[in-house]
Amino acid sequence: MKLPIRGDQAGSRVEIPPSMKRKKLEAAMRDSQIAVRNGSMSLQPLDQMTPSLARQTRRQIERVVGAGMVKEAHEQVRAILANTALENVGALSALEAHLISIAPLGEARYKHIVDAYAMGAAREITKW
């Protein structure tokens with residue numbers, strides 16, 4: 001999963017492995033961070049970094065963890081919106097079928113109204 005870092009004008013993204021849960025992220029934040037030495041990267045415990053670098057690293061990790069938590073909440077809300085839209089489309093489709101059976105002359109209008117709702121809901125979920 002790639003997460004955008006808010007406020008980053010360049011639009012760069014930070015990679016967070018999907019298997020890492022919040023507690024693992026917090027533990028990683030406390031214990032270690034990737035460090036660059038002589039042009040190569042290695043995992044270096046925070047307590048082995050200079051105090052300044054350790055503070056900077058902690059702040060960056062906190063920002064990444066925060067961005068991950070925001071992304072998780074965003075996806076949960078989007079799933080709720082999708083679920084609600086699906087339930088509404090199902091109910092409207094059932095009503096459409098019922099109305100077609102009792103007033104068949106309105107079939108094209110019923111379909112148009114239900115299709116318009118479904119398309120509008122899909123568009124809103126996509127934007128969210």
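The values are calculated or read from the model by the stated rules, or taken from the named source; none is laboratory data. Small disclaimer: the values here were computed from a predicted structure and weren't measured. Cβ: placed from backbone, ideal geometry, glycine included. Neighbour counts: every protein chain shown.
Looking only at the stretch 102-122, decide whether some residue is of a type in the set (D, E) and under 21 Å from the mean Cα position of the chain (by Cα). The answer is no, given that none of the residues of the stretch 102-122 is of a type in the set (D, E) and under 21 Å from the mean Cα position of the chain (by Cα). When L3 is tested against (1) at pLDDT 95 or above; (2) in contact with a helix residue (DSSP H, G or I) (Cβ under 8 Å, 6 or more places away or on another chain), only condition (1) is not met.
Beta carbons closer than 9 Å, at least 6 apart along the sequence or on distinct chains, pair a first residue in the stretch 97-116 that is free of Cβ contacts under 8 Å to residues at least 12 places away in the same chain with a second that is β-branched (V, I, T) for G106/I100; E107/I100. In the stretch 30-69, of all residues being part of a strand (DSSP E or B) and surrounded by 13 or more Cβ atoms within 10 Å (Cβ to Cβ), the one that is modelled with the lowest pLDDT corresponds to S32.
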